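Beneath this line is the structure, given in structure tokens, with notes to follow.
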2 protein chains.
Amino acid sequence: MHVKKVGLLGGGVIGGAWAARAVLNGMDAVICDTDPEAERKVAEVMENARRAYSMMTIAPLPKPGTWRIVRTLEEAAEGADFIQESLPEREDLKIRLLAQAETAMRDDVIIGSSTSGLLPTRLQSGLKHPERFVVGHPFNPVYLMPLVEVCGGALTSEKTRQDAASFYTSIGMRPLHVRKEIDGFIADRLMEALWREALWLINDDIATAEEIDDAMRFGPGLRWAFMGTLLVYRIAGGEPGMRHFMNQFGPSLKWPWTKLMDTPELTEALLDKIVAQSDAQAGDVSIRDYERLRDSCLVSIFQALKTNDYAAGQVLANYEKQLWAGQAKTSVAASITNEPLRLYEGRVEPGWLDYNGHMNESRYLQVFSTASDGLLQLIGADVGYVERGHSFYTAETHIIHVREMRADAPFYVTTQILAADEKRMHVWQTIYRAEDDLVAATGEHMYLHVNSAAGKACPMLPEVADKLAPIVTAHANLPRPANAGRSIGIRPKA
Amino acid sequence: MHVKKVGLLGGGVIGGAWAARAVLNGMDAVICDTDPEAERKVAEVMENARRAYSMMTIAPLPKPGTWRIVRTLEEAAEGADFIQESLPEREDLKIRLLAQAETAMRDDVIIGSSTSGLLPTRLQSGLKHPERFVVGHPFNPVYLMPLVEVCGGALTSEKTRQDAASFYTSIGMRPLHVRKEIDGFIADRLMEALWREALWLINDDIATAEEIDDAMRFGPGLRWAFMGTLLVYRIAGGEPGMRHFMNQFGPSLKWPWTKLMDTPELTEALLDKIVAQSDAQAGDVSIRDYERLRDSCLVSIFQALKTNDYAAGQVLANYEKQLWAGQAKTSVAASITNEPLRLYEGRVEPGWLDYNGHMNESRYLQVFSTASDGLLQLIGADVGYVERGHSFYTAETHIIHVREMRADAPFYVTTQILAADEKRMHVWQTIYRAEDDLVAATGEHMYLHVNSAAGKACPMLPEVADKLAPIVTAHANLPRPANAGRSIGIRPKA
């Protein structure tokens, strides 16, 4: 299944974020929504998502797709390769509108439903092709959260389940197959249980909204972010394992540790209390700022977990592998112009600042290093070349700082090869601020080609040397940077 | 309250980790435990904690305290400045043993209890000084998790609550005052609610242990790690705020989305199922390896959230501020020897590796940068100096890579001042591998003293220049590094 165009039924918080995920992954999105403000709202979600992705990965995202709002379900369904429904959570409404959309869609297309708790067997009951309907329940913000619960109804085909999961994986998500249809699926049942207890705590004046959130985010929520609950308990049980833990913990099931046997009545008084506490907790910060904070924290956590090759970090790593693999190979011939190469552009990430409020010096080297990876990619010294036993190591680096870069500032890097022999590349790089095209820093590097196992320098293999040679020849005509070969020292003043 | 020595009643998973937190924060710990293997077990926790702290922060931890196991409560209580009780969760036992420990403790000392759910009013009922008893409920692993729930009983004094909270804050924790005494306090009630629903899901074959954990760690658990649940829902409600969200979400409270009205019977069959699923989930990985993975993920998440100055990251940032402030000021006079300065040692963190499996080049500059911060600290160009408007910026850097560094390898950095004038410092640094004292890399730097607001170089203020001068004089006698002033280029071969 190759998805070039997605049809989105509903363009609210969920549908708009599906659109962002699709567009950032190179697909075109046609979104049916009758809200007169839909254009603006989707554009805002799109901008949040773009910002988050630029922080999340330096892997090459495909050229973004296009998107447009339409007013009928049929327009959204027509010509779509995948349809995702994110309409209001009313069973009768969904059943009716799904049948309507089906009249306009191609025969081989799957409909995924974003429902957070309605049963697929019932939702598919009005379809002519119920076998191609499946629940694909995402989490907010849909453009970042990896989880999508995939749950078929009685008439859903196994192929539909698998194809839908493959599609969601292709746009960076982590499908979880829900084996038995149940109201609320898995994650929302867990959330609902916790939520009911939270409502009781507020109702009974045990804790405020803020205190409940603090209890989670400074405590168990931190562990839930990467291990969930069963594995954490197993570890707490120590070497004797899970049975030991259950024996220790079992009795508390009989203790009065929750009031979950009942649910609080949502009286006006309780609603007022919750709203007042939530307002107090949120303070003067706008929802938009909170969205950005939430996204920045999620992205940072993904990257943190990636360094541990675990949980959501593994999802990100796999997604990046897909992106690298799918990258259109830049041909060496096409990249040779009468200018230095331009292989990397990015933005100064919030975490890159030091206590002076400027980009930390080590991040400059990180930027140069990423740009060098682009060069190595171009000449075929890519991850596969490294796995086959050869690589380039940095022998020396000389950085000259010229101008500051502020948070979120866009930049680009140019790369010029000053010289090369069979084992070495002498490279000059410049980081430019994209806003004014002024130089922020220059980097001069000597890269050594090595046999990794031997840990020794050795000549480049022909597959790489042959790609490098025409670049070296072309760059020999470029002017030599004035500061190339400069050394550091306090020189007598003029 | 200045705590130099803590008395720990109980040295199991919780007590041992309290010991590690205290010892790493420079306090001596006397631990009462009758387990013949207590020494070994506490030593293992201590080693885990040491590893975690070395990854977590480069701020200067105090010299570690000492610890020893004793066999009676009285020995642990005697001479302690703070007592923490982590005995088995049986009310009668705790009441009896707390009274026994009280006979040996000083009159002005607080007892904190690690109980995860027993009521303080009952636990303090056998004490002569119940006003100095308070619950301080921590979370596993206690040496890393910020949350400690502080809950007084009917007879606990306000001063005891405040002093206990200050003590916990001083060792890097985040106290949460529980305003109303309740079984299970706040966090465990939330965990318990979620846990009961998880047990039902397993019992009814809706999901396995692994699927439940996946539903959390790829989904809502990620958001719970930094915002909790109320604020996340508020954001989901969008600009209309919390009332709007409640109106949308309210009806689902009536839907059959949890089975929490009841608890599953822990039959042998259910226990067998949970244990088998947990074993399958854990695979061949040992508990010890899982502990390290858990700790590495937690540390990474703390650091990730620190870049967003939010949630657990704020706790870490505040803790580091304390550490920097509490650092014994190294006097310039004491640091002048006939050797280069040695101001930073550390370990290669797991997240520092690149796809070659070596420390990424940008991390070398990060290490040099941290060592330079140590130099600036020493000559008084510290955070306060920066806040008052002056700073040193890096103008140039030249790195020569000599040897690889592998994951977790210890290293130290030496710093030699080659020259200085009123505005500039020319500095030479060497990273040595601690295991064989061989050079891993050298760094040559030119630092420029600037007026930050003007963004211009200016002479160092006397407070800094006067501290720098004797170091420059002493270092003038050190041999000049052979590679100082070297430039990069492909030179003709010999």
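Helices (runs of 4 or more DSSP H) fully within region A:68-138 that include at least 3 residues being closer than 19 Å to A:Val30 by Cα: A:73-77, A:91-102. Can you tell me how many residues within region B:298-312 are in a helix (DSSP H, G or I) and touching a residue at least 12 places away in the same chain (Cβ under 8 Å)? Residues flagged as in a helix (DSSP H, G or I) and touching a residue at least 12 places away in the same chain (Cβ under 8 Å) within region B:298-312 amount to 8. Being buried (at least 16 other Cβ atoms within 10 Å of the Cβ), under 22 Å from the mean Cα position of the chain (by Cα) and assigned to a loop (DSSP other than H, G, I, E, B) holds for only one residue in A:Leu8, A:Leu61, and it is A:Leu61. For region A:441-453, does any single residue satisfy the condition of being under 34 Å from the mean Cα position of the chain (by Cα) and more than 19 Å from A:Tyr393 (Cβ to Cβ)? Yes, region A:441-453 has at least one match. Here B:Arg21 fulfils each of the conditions (1) within 16 Å of B:Leu61 (Cβ to Cβ); (2) surrounded by fewer than 16 Cβ atoms within 10 Å (Cβ to Cβ) apart from (2).
Filtering B:Val450, B:Val413 for residues that are of a type in the set (Val, Ile, Thr), in contact (Cβ under 8 Å) with a residue 40 or more places away in the chain and within 11 Å of chain A (Cβ to nearest Cβ) leaves a single hit, B:Val450.
Please verify whether region B:380-390 includes one or more residues that are at pLDDT 90 or above, outside any loop (DSSP other than H, G, I, E, B) and of a type in the set (A, V, I, L, M, F, W, C). Checked region B:380-390: no residue is at pLDDT 90 or above, outside any loop (DSSP other than H, G, I, E, B) and of a type in the set (A, V, I, L, M, F, W, C). Quick check: is even one residue across region A:161-181 touching an Asp or Glu at 6+ places or on another chain (Cβ under 7 Å) and assigned to a strand (DSSP E or B)? Yes, that holds for at least one residue. Scan region B:314-326 and tell me whether some residue there is closer than 19 Å to B:Ala59 by Cβ, outside any loop (DSSP other than H, G, I, E, B) and at the interface with chain A (Cβ under 10 Å from one of its Cβ atoms). Yes, that holds for at least one residue. Is it the case, given these coordinates, that A:Pro130 is under 22 Å from A:Ala49 (Cβ atoms) and at pLDDT 95 or above? Here the answer is no, as A:Pro130 does not meet what is asked.
Only one of the numbered conditions (1) facing chain B (nearest Cβ under 7 Å); (2) in a helix (DSSP H, G or I); (3) without any contact (Cβ under 8 Å) to a residue 12 or more places away in the chain; (4) within 26 Å of B:Val13 (Cβ to Cβ) is not met by A:His244, and that is (1).
Scan region B:191-203 and tell me whether some residue there is modelled with pLDDT under 85, more than 7 Å from chain A (Cβ to nearest Cβ), in a helix (DSSP H, G or I) and in contact with a helix residue (DSSP H, G or I) (Cβ under 7 Å, 6 or more places away or on another chain). Yes, region B:191-203 contains at least one residue that is modelled with pLDDT under 85, more than 7 Å from chain A (Cβ to nearest Cβ), in a helix (DSSP H, G or I) and in contact with a helix residue (DSSP H, G or I) (Cβ under 7 Å, 6 or more places away or on another chain). Scanning region B:453-494 for residues that are surrounded by fewer than 17 Cβ atoms within 10 Å (Cβ to Cβ) and part of a loop (DSSP other than H, G, I, E, B) yields a count of 22.
Could we say that B:Arg288 is among the charged types (D, E, K, R), assigned to a helix (DSSP H, G or I) and either at pLDDT 80 or above or on the phi > 0 side of the Ramachandran plot (or both) here? No: the conditions fail for B:Arg288.
Here A:Asp81 passes the criteria (1) of a type in the set (Asp, Glu); (2) at pLDDT 95 or above; (3) closer than 18 Å to A:Gly153 by Cα except the one numbered (3). Of all residues in region A:471-492, those that are under 17 Å from B:Asn483 (Cα atoms) and at the interface with chain B (Cβ under 9 Å from one of its Cβ atoms) have Cβ atoms under 7 Å from Cβ atoms of residues that are among the aliphatic types (A, V, I, L, M) and surrounded by 14 or more Cβ atoms within 10 Å (Cβ to Cβ), 6 or more apart or on another chain, in A:Gly485/B:Ile488; A:Ile488/B:Met446; A:Ile490/B:Ala419.
Give me the residue from region B:250-283 that is assigned to a helix (DSSP H, G or I) and buried (at least 17 other Cβ atoms within 10 Å of the Cβ) and, out of that set, modelled with the lowest pLDDT. Restricting to residues being assigned to a helix (DSSP H, G or I) and buried (at least 17 other Cβ atoms within 10 Å of the Cβ), the top hit is B:Leu253.
Residues that are within 11 Å of chain B (Cβ to nearest Cβ), under 30 Å from B:Asn451 (Cα atoms) and out of contact with any Asp or Glu (no Cβ under 9 Å at 6 or more places or on another chain): does region A:377-393 have at least one? Within region A:377-393, not a single residue is within 11 Å of chain B (Cβ to nearest Cβ), under 30 Å from B:Asn451 (Cα atoms) and out of contact with any Asp or Glu (no Cβ under 9 Å at 6 or more places or on another chain). Would you please list the contacts, defined by Cβ atoms under 7 Å and residues six or more apart or on different chains, that run from a residue in region A:220-239 that is farther than 8 Å from B:Gly221 by Cβ and facing chain B (nearest Cβ under 7 Å) to a residue that is modelled with pLDDT of 90 or more and assigned to a loop (DSSP other than H, G, I, E, B)? If the second residue must be modelled with pLDDT of 90 or more and assigned to a loop (DSSP other than H, G, I, E, B), the pairs left are A:Pro220/B:Phe139; A:Leu222/B:Met145; A:Leu222/B:Ala225; A:Ala236/B:Asn140. Every test in (1) within 13 Å of chain B (Cβ to nearest Cβ); (2) at pLDDT below 85 is passed by A:Asp373 save one, and that test is (2). Of all the numbered requirements in (1) of a type in the set (Asp, Glu); (2) in contact (Cβ under 8 Å) with a residue 40 or more places away in the chain; (3) facing another protein chain (nearest Cβ under 7 Å), A:Asp163 misses one, and that requirement is (3). In this entry, B:Asp408 is excluded by the filter for residues that are free of Cβ contacts under 8 Å to residues at least 24 places away in the same chain and of a type in the set (Asp, Glu).
Of everything listed in (1) surrounded by fewer than 18 Cβ atoms within 10 Å (Cβ to Cβ); (2) not in a loop (DSSP other than H, G, I, E, B), the single unmet condition for A:Asp295 is (1). Taking the criterion of being under 27 Å from B:His358 (Cβ atoms) and either at pLDDT 95 or above or not basic (Lys, Arg) (or both), the residues of region A:467-484 that qualify are A:Leu468, A:Ile471, A:Val472, A:Ala484.
Among the residues making up region B:359-371, those that are in contact with a strand residue (DSSP E or B) (Cβ under 7 Å, 6 or more places away or on another chain) and either buried (at least 21 other Cβ atoms within 10 Å of the Cβ) or more than 30 Å from A:Asn308 (Cα to Cα) (or both) are B:Met359, B:Glu361, B:Tyr364, B:Leu365, B:Val367, B:Phe368, B:Ala371. Against the conditions (1) farther than 28 Å from A:Val402 by Cβ; (2) out of contact with any Lys or Arg (no Cβ under 8 Å at 6 or more places or on another chain); (3) at pLDDT 95 or above, B:Val439 satisfies every one except (2). The residues listed here are A:His401, A:His426; of these, the one that is under 34 Å from the mean Cα position of the chain (by Cα) and closer than 20 Å to B:Ser362 by Cα is A:His401.
Of all the criteria given as (1) surrounded by fewer than 22 Cβ atoms within 10 Å (Cβ to Cβ); (2) within 11 Å of chain B (Cβ to nearest Cβ), the one not satisfied by A:Ile399 is (1).
When the residues of region B:120-143 are filtered to those that are surrounded by 19 or more Cβ atoms within 10 Å (Cβ to Cβ) and touching a residue at least 60 places away in the same chain (Cβ under 8 Å), the one that is farthest from A:Gly237 (Cα to Cα) is B:Pro120.
The values are calculated or read from the model by the stated rules, or taken from the named source; none is laboratory data. Just so we're clear, the structure is a prediction, and the values are computed from it rather than from any experiment. Neighbour counts run over all protein chains shown; Cβ positions are idealised from the backbone, glycine included.
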